[in-house]
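Remarks on the structure that follows.
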Amino acid sequence: MSTTALNDCPDVWSLESWFSAYGAADYAAFKEALPGAMEALSARVKAAGTDVVALATVIPDFESHNERLGHLSAYLGCLSAADANDEAVKADEAWMATMIAEHEKLGAALRSALAALNEADFTRLLGCPETQGAAHTLHRFRIEGQRQMPGDLEALASDLNVDGLHAWGRLYDTLTGKMAFEMTFPDGHNETVEMSRRRALMSEPDRRLREAAFHAGQKPWLDHADTLAAGLNGIAGTRLSLYAKRGIGHFLDTPLFDGAMSRASLDAMMEAIQTHIELPRRALRVAAKLQGTSALHFFDLEAPQVAAPDQKALTWDDACSTVERAFAAAYPALGDYFRKILADRWIEAAPRSGKRPGAFCTGSRLNREERIYMTYHGTVHDMVTLAHETGHAWHSSVLRRARTLASDYPMTLAETASNFAEMILLSGLMRDPALTPEMKAYLLDQEMLRAHAYLINIPMRFEFEKAFYTERAAGEVSVSRLGELMSSAQHKLYGDTLLADGTDPMFWASKMHFFITGVSFYNFPYVFGYLLSQALFARFQEEGAAFLPRYEAFLALTGSANCEEVARQTLGADLTDPAFWSTALRAMEPTLAQYEGLV
Ligand SMILES: [Zn+2]
């Protein structure tokens, strides 16, 4: 696709500062140089062995190779999102995937070398000028190296995972991708509905439609329950066996390591949620009242109780100036950054056929530039997305000061800056005297839907998974037992806000997250990120502009320390103390009180 043909249009991004054009001489030369550089680097890692000086000199080259791969990979990602049908770009992306696989092998070799160093040599390595600022990442590399089985066993495991672990995940995708069900709509007509539509139907304002989609849509899950349970048992069983062989003591150790957080923080967070569970439950009680029922059914949970107000579409200029005003008023540096990325055309927002749906922020460590991808259709939701992605881009721009080996942050810290930017926009909107009561009610309802998702629904998934993995360690868990564990997790988190017959015992099967084979315990980092950003925003509201330098110090440190250390050093906060999380939870009280005012 051509990104230059539409240059005059302000909401199409420019990528010319990355490469003059796709396929141009600079692009071709850059691409051609990569395989040779990779080979040379592999040879050097192999030759370095456990020689501290040789390893120290190889590390900055590994880092800059990372930057070059990341640059090309992000560029191709931008092109293929903006034109999903470009076959040349697709071919280059496939080639890139093989390069990344090679790079991962190189990374594994480096991790093994670091793991093989004795304590004194590792300390000596961290003292070398080449490794300054990278200690946190090198420590993590070393731990990952120590958790690898001997080379031939790791190679066998990764081959077997293709046909085992990941095959269960693919089976899930294939099976559920073809699922459909017969449904009678409230107007009496019958239709075969693809399973992928069920969730959208269960988010419809018409309760009869939600109910019909829920009940009719249960059938395929029940029909395939044995197969799905075999898959879930297979995935968990494989993981538990590999953990044992790798010397990993608990099934939460790996997801905690990936999130760069401690078990103590996780437990403190979940404990605080349980203590304050009445806060998000109050929002569900309001939702039940708004729809005129005594409590909710599972199919009511994701439905808006306040409809989006009818209004003329927001123009792109309106959205940009609203975001800009909110940022500039609360956080001038963020406002300046937003103005700059608009002027430099770092945002792709034009609606066009062939664009992939969704939104993301990407960037290059080589030219230290960010890009935002989205498709703007003129809704409030799109405007919030713009603020969200700008928050991510701002995080990357703050990290430009850090070296690349100190810029990689975990999922737990990834959504802090984006949520923070969203909250600046929303609190700006809520304070706007021109805000209509309908829009205010709508925004409050949306915010409470989010609170439900992060504070009840996701913790419920965590409770289930934890119970399931605990029992799976002793053997296969049956279909009926999976249903019991699911229902009891729902009772624990929802309490009486769900109707007595309102649970979904088949949620273990219909929730795709439980079957993701690349990451285990996919969900809890999102709760962590949500609550942490609530806590940061509460402090910002309390302390005003004086808080912002500490906020930026927080963002700048996200790639150089564990979550606990980042929070301690920059906020003086103790994440292992339930009191920290309690404060974050109580920050929702004023919004909740306004929401309760609607009934
Ligand atoms: Zn995000």
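The numbers here are math on the coordinates, done by the rules we state, and not lab data. Source: prediction; values computed, not measured. Glycine gets a Cβ as well: all are built from the backbone with ideal geometry, and neighbour counts include every protein chain shown.
General observations
- Taking a straight line from the alpha carbon of K46, these lysines sit under 16 Å away, with near neighbours fewer than eight places off in the same chain left out: K105.
- The E154 and E130 beta-carbon pair, evaluated with R₀ = 30 Å, returns a calculated FRET efficiency of approximately 0.65.
- Packing-based exposure ordering (other Cβ within 10 Å, fewest first) of T470, T50, T385: T470, T50, T385
- For the residue pairs K90/K355; K31/K355; K466/K492, the alpha carbons lie more than 22 Å apart in K31/K355.
- By the combined test of axial Cα extent (at least 24 Å) and Kyte-Doolittle hydropathy (mean at least -0.5), the qualifying DSSP H helices of the chain come to 25-48, 52-82, 87-116, 225-245, 380-399, 524-543.
- Ordering G145, I372, G127 by the projection of their Cα atoms onto the charge dipole of the chain, which places +1 on the Cβ of Lys and Arg and -1 on the Cβ of Asp and Glu, puts G127 at the extreme positive end.
- Whether region 483-599 is rounded, prolate or oblate, judged on the alpha carbon gyration tensor where a/c under 1.5 counts as rounded: oblate
- Gyration tensor verdict on region 250-324 (Cα atoms; rounded if a/c is under 1.5, prolate if a/b is larger than b/c, oblate otherwise): oblate
- The modelled label-to-label distance between A25 and A343, using points 7 Å beyond Cα along the C-beta direction, is 3.2 nm.
- Cβ-based charge dipole, region 25-147, positive-most Cα from A43, A54, L69: A54
- Principal semi-axes in Å for region 316-403 [√(5λ), Cα gyration tensor, largest first]: 21, 17, 10
- Ranked packing of 530-537, 516-523, most packed first, by mean Cβ within 10 Å: 530-537, 516-523
- Taking all Cα pairs closer than 8 Å and separated by 6 or more residues, the relative contact order of the chain comes to 19 percent.
- Computed over region 316-403: relative contact order in percent, which uses C-alpha pairs under 8 Å that are six or more apart: 26
- The separation of region 112-163 from region 529-599, counted between C-alpha centres, amounts to 33 Å.
- Difference of contour (0.36 nm per residue) and Cα-Cα distance, R450 to L499: 15.6 nm
- Least to most buried among L366, L499 (fewest other Cβ within 10 Å first): L499, L366
- Each Lys or Arg adds one and each Asp or Glu takes one away; over the other residues whose Cβ falls under 9 Å from the Cβ of Q148, this sums to +1.
- Set against the 2.2 N^0.38 Å expectation for a compact globular protein, region 25-147 has a Cα radius of gyration ratio of 1.21.
- Estimated purely from DSSP H runs of n ≥ 4, each contributing -39500 (n - 2.57), the mean residue ellipticity at 222 nm for the chain is -20500 deg cm²/dmol once divided by its residues.
- With loop membership from DSSP and a limit of 14 other Cβ atoms within 10 Å, the longest segment of the chain without GluC sites (Glu not before Pro) is 17-475.
- In terms of its C-alpha gyration tensor, region 94-152 comes out oblate, because a/c is 1.5 or above while a/b does not outweigh b/c.
- Counted charge near D577, where neighbours are those whose Cβ lies closer than 12 Å (Asp, Glu -1; Lys, Arg +1): -3
- Estimated dipole of region 268-387 in Debye, rounded to 20 [Cβ of Lys and Arg +1, of Asp and Glu -1, Cα centre]: 160
- Selection among L499, F515, S582 by position relative to the dipole of region 485-599 gives F515 as farthest towards the positive end (Cβ unit charges, Cα centre).
- Restricted to Cα atoms, region 219-283 shows a radius of gyration and a Dmax of 17.1, 46 angstrom.
- A simple count of charges around L485, restricted to other residues whose Cβ falls under 15 Å of its Cβ and scoring Lys, Arg +1 and Asp, Glu -1, yields 0.
- One chain, two ends: N161 and D253. Fully extended at 0.36 nm per residue, the span grows by 31.1 nm beyond their Cα-Cα distance.
- Rounded Å value of the spacing that divides the Cα centres of region 24-56 and region 211-229: 51
- Extension gain for A434 to E543 (0.36 nm times residue separation, less C-alpha to C-alpha distance): 36.6 nm.
- Summarising the strand pairing of the chain, around 75 percent of its internal DSSP beta bridges are antiparallel.
- Percent of Cα pairs exceeding the 41 Å cut-off, where the set is the chain: 28
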